[in-house]
Every structure is written in structure tokens, then in C-alpha cells.
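**Student:** Got a structure for you, questions after.
The values are calculated or read from the model by the stated rules, or taken from the named source; none is laboratory data. From a predicted model like this one, the values you see are computed outputs, not experimental measurements. Calculation scope for accessible area: heavy atoms of the full protein, side chains included, ligands and nucleic acids excluded. Shrake-Rupley method; radii C 1.70, N 1.55, O 1.52, S 1.80 Å.
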Amino acid sequence: MILLLALALRAGFGLTRQGLADSSDEYHWDRLASVFWQEGLLHPDGGTYRPPLYPLMLAGIYQVCGHRPGLVRLWQALL
């Protein structure tokens, strides 16, 4: 019961956010994922100073569903 409540709260909070204005970190991860999605993993704008697994996961979501930050927030709530 507690896990379902936590999931509902996280998903509800994520869906109330608009755009990427919450933090510069969120914007940065989204930018890396967009570069990986549109330009490829080895593009120089990829910023290889951060681990690539999380932006690759985001790029996979963008590949399937398009650039939708709300959907990424729902996925993160499930994780």
C-alpha cells in the first residue's frame, strides 16, 4: 500500500512540472540525451565527462516516444 502511494505521489508530482525549469541538472541530462538521440553517441557535444548510461536510457525513450519530459518523469517514478 505504501509503495503504491509513493508511486502515485511521485507520478503526480512529475506530471505537474512543465518543461525543464526545475534544475540545471535536469536540463543538462536532457541535453545529453537529446544529443545522443539526434547526433549519436560519439558526437563532440555529448559531454563525455559524465557517465553515459542515464542519458542513453533517456535517448531510448526519446527514440520511441519523441522528446517528452513528462514521460521520462513517469518512467523515473516507476524506477
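**Student:** Of all the accessible heavy-atom surface of the chain, with the other protein chains kept in place and a 1.4 Å probe, what percent is carbon and sulfur? Could the numbers behind the result be given before it?
**Tutor:** Values: 3690 of 5640 Å².
Whole-percent figure for carbon plus sulfur exposure: 65.
**Student:** Which ³J(HN,Hα) values, rounded to whole Hz and listed in residue order, are derived for the range 54-59 from phi using the Karplus coefficients 6.51, -1.76 and 1.60 in 6.51 cos²θ - 1.76 cosθ + 1.60 with θ = phi - 60°, glycine and proline given as x?
**Tutor:** 5, x, 5, 5, 4, 4
**Student:** Next question. What percent do you get for the relative contact order of the chain when only Cα pairs under 8 Å and 6+ apart count?
**Tutor:** On the way: 55 pairs, mean separation 31.6, N = 79.
Once divided by the residue count of the chain, the mean separation gives 40 percent.
**Student:** Here's a follow-up. Which whole number of Å³ per residue matches the convex hull of the alpha-carbon atoms in the chain?
**Tutor:** On the way: hull volume 7.5 nm³, N = 79.
It comes to 95 Å³ per residue, whole-number rounded.
**Student:** Multiplying the sequence separation of A6 and L56 by 0.36 nm and subtracting their Cα-Cα distance, what value in nm do you get?
**Tutor:** Working: separation 50, 0.36 × 50 = 18.00 nm, distance 2.60 nm.
Net length gain for the segment: 15.4 nm.
**Student:** If you don't mind, there's one more thing I want to ask. With n ≥ 4 as the cut-off for DSSP H runs, can you work out [θ] at 222 nm for the chain, using -39500 (n - 2.57) per run divided by the number of residues, rounded to the nearest 500? Can you show the working numbers first?
**Tutor:** Working: 4 runs with 54 residues, N = 79.
Value at 222 nm, helices only: -22000 deg cm²/dmol.
**Student:** What does the extension gain come out to for Q76 and Y27, with contour length at 0.36 nm per residue minus their alpha carbon separation?
**Tutor:** On the way: separation 49, 0.36 × 49 = 17.64 nm, distance 1.53 nm.
Contour length minus the Cα-Cα distance gives 16.1 nm.
**Student:** Now, a different point. Ignoring ligands, DNA and RNA, what accessible area per residue does the chain give at 1.4 Å, in Å²? Don't jump to the answer; show the numbers that get you there.
**Tutor:** Values: 5640 Å² over 79 residues.
It amounts to 71 Å² per residue over the chain.
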